Amino acid sequence: WYHASSQIPYKCALDTSRLNKGENTISISANGHEKTYTFVYNPKEATQTPEVNDRIRVFADGKEVTFDVPPVIQDGRTLIPLRACAEALGADVEWIAETQTAAIIQFAYSIFITIGEKEYIIDDLPYPIDVPAQIIDGRTLVPVRAISEGFGAKVTWDAETRTVYIDR
């Protein structure tokens, strides 16, 4: 966020981790002047680009996967953009708009995951999922373990480097 006037130019960074959901007020003082702003913060609608230190990296079979929407951690689960990861593992992805379901096909495996649902389907069998798939910035994000382990891959999380390793 940047504000400038002929009298008081200033720039300010806002740490959203300290905001309350809903209405917030911030006061900015500079050179003896003070300005107060009130705004509404809704974390589900808010988007931010993580700092490089906060970035989550994902490697599939030793190659780093790049995403146009960054992975996120939600309720202790790492969610990643589905298509980029599935394709990095050699799977095909189809989107069924009517039901908001992603169909991921690889060899004899098929996985179906629907936005907002608490279970997903692997080869006609339902499996529970504690954080449902969701759409963030136009991309379908899913828990990395649900999709990767659904194809028999091993998933490892390195908390120190914030890196996910998916190996088949």
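Assorted remarks:
- Ordering 93-106, 152-165 by mean Cβ neighbour count within 10 Å, with the highest value first, yields 93-106, 152-165.
- Projected label distance in nm at PHE67 and ILE96, using a 7 Å step from Cα toward the beta-carbon: 2.4 nm
- In order along the range 124-129, the Karplus-derived 3J(HN,Hα) couplings, from 6.51 cos²θ - 1.76 cosθ + 1.60 at θ = phi - 60°, round to 6, 10, x, 10, x, 9 Hz, and Gly and Pro are given as x.
- Compared with the direct C-alpha span, the chain from ASN20 to ILE135 gains 39.1 nm at full extension, assuming 0.36 nm per residue.
- Around GLU94: net Lys/Arg minus Asp/Glu count, Cβ-Cβ under 13 Å: -2
- Theoretical FRET efficiency, 1/(1+(r/R0)^6), r = Cβ-Cβ of ASP54 and SER27, R0 30 Å, to 0.05: 0.65
- Summed residue charge, Cβ within 13 Å of PHE151's Cβ, Lys/Arg positive, Asp/Glu negative: -3
- Along the range 79-85 the Karplus relation, 6.51 cos²θ - 1.76 cosθ + 1.60 evaluated at θ = phi - 60°, assigns HN-Hα couplings of 9, 10, x, 4, 4, 4, 6 Hz to successive residues, with x for each Gly and Pro.
Read the figures in this text as sums done on the coordinates, not as results from a lab. Predicted, not measured: the structure shown is a model, and the values here were computed from it. So basically every Cβ, Gly included, is an ideal-geometry build from the backbone, and we count neighbours across all protein chains shown.
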